[in-house]
Amino acid sequence: MADEKAPKDKKKDEKTKRPSALKRDLQSEKRRLNNRSFRSSVLTAIRSLEGALAKKEDSAKIQSQLQDIYSIVDKGVKRGVFKPQKAARTKSRLSARCTKI
């Protein structure tokens with residue numbers, strides 16, 4: 001009988017349950033940080049394209065950067081980071097800047 005283990009306290013073993021408002025708050029904060037990081041990467045890509053346009057680099061490099069930005073922005077629309085019209089407007093403006101060269 002000495003080798004029997006004492007029953008553990010059930011409350012310590014179970015996970016603590018959060019109120020749903022707190023859970024929603026934590027989820028929204030996590031999403032906000034992910035979206036902010038994604039937007040930052042898009043803006044960095046746009047800045048690098050504008051730098052390439054300012055330096056008047058070769059058109060092949062500019063076109064490849066533009067295609068990369070298109071891809072990133074479209075992924076953002078798919079994930080809900082950007083609205084479709086904002087993505088279309090951004091892509092159109094970048095395309096117009098690239099064709100001026």
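Using 0.36 nm per residue, how much length does the chain from residue 67 to residue 37 gain when fully extended, once their Cα-Cα distance is taken away?
Full-extension gain reported as 8.8 nm.
Using Cβ counts within 10 Å as a stand-in for footprinting exposure, how do 94, 26 rank, fewest first? Let's see the in-between values first.
Numbers: 94 20, 26 11.
Ordered by Cβ neighbours within 10 Å, fewest first: 26, 94.
Would you mind calculating the gained length between residue 50 and residue 18 on full extension (0.36 nm times residue separation, minus the Cα-Cα distance), in nm to one decimal? Each step should come with its number before you reach the end.
Working: separation 32, 0.36 × 32 = 11.52 nm, distance 4.68 nm.
The span from residue 50 to residue 18 would gain 6.8 nm if fully extended.
In degrees from 0 to 90, rounded to the nearest 10, what is the angle of the helix 84-99 Cα long axis to the longest principal axis of the chain?
The answer is roughly 30 degrees.
Say a paramagnetic label sat at a point 7 Å from the Cα of residue 59, along Cα to Cβ; which residues of the range 84-101 have their backbone N under 15 Å from it?
Within reach of a label on residue 59: 95-101.
Picking from 18, 47, 32, which is most flexible by a Gaussian network model of the chain using Cα springs under 10 Å?
18
Got a sec? How would 17, 30 order by Cβ neighbour count within 10 Å, fewest to most? Mind dumping the intermediate values first?
On the way: 17 7, 30 10.
By the 10 Å Cβ count, ascending: 17, 30.
Restricting things to Cα coordinates, could you compute the convex hull volume per residue of the chain in Å³?
So the per-residue Cα hull volume is 159 Å³.
Karplus couplings for the range 49-56 from phi (6.51 cos²θ - 1.76 cosθ + 1.60, θ = phi - 60°), rounded to Hz, Gly and Pro as x?
Here the 3J(HN,Hα) series is 5, 5, x, 5, 5, 5, 7, 6 Hz.
Read-outs throughout are calculated quantities, based only on the coordinates presented, and are distinct from any laboratory measurement. Keep in mind that what you see is a predicted model, and the values were worked out from it rather than measured. Methodologically, a virtual Cβ is constructed for each residue, glycine included, from the backbone with ideal geometry; neighbour enumeration extends over all protein chains shown.
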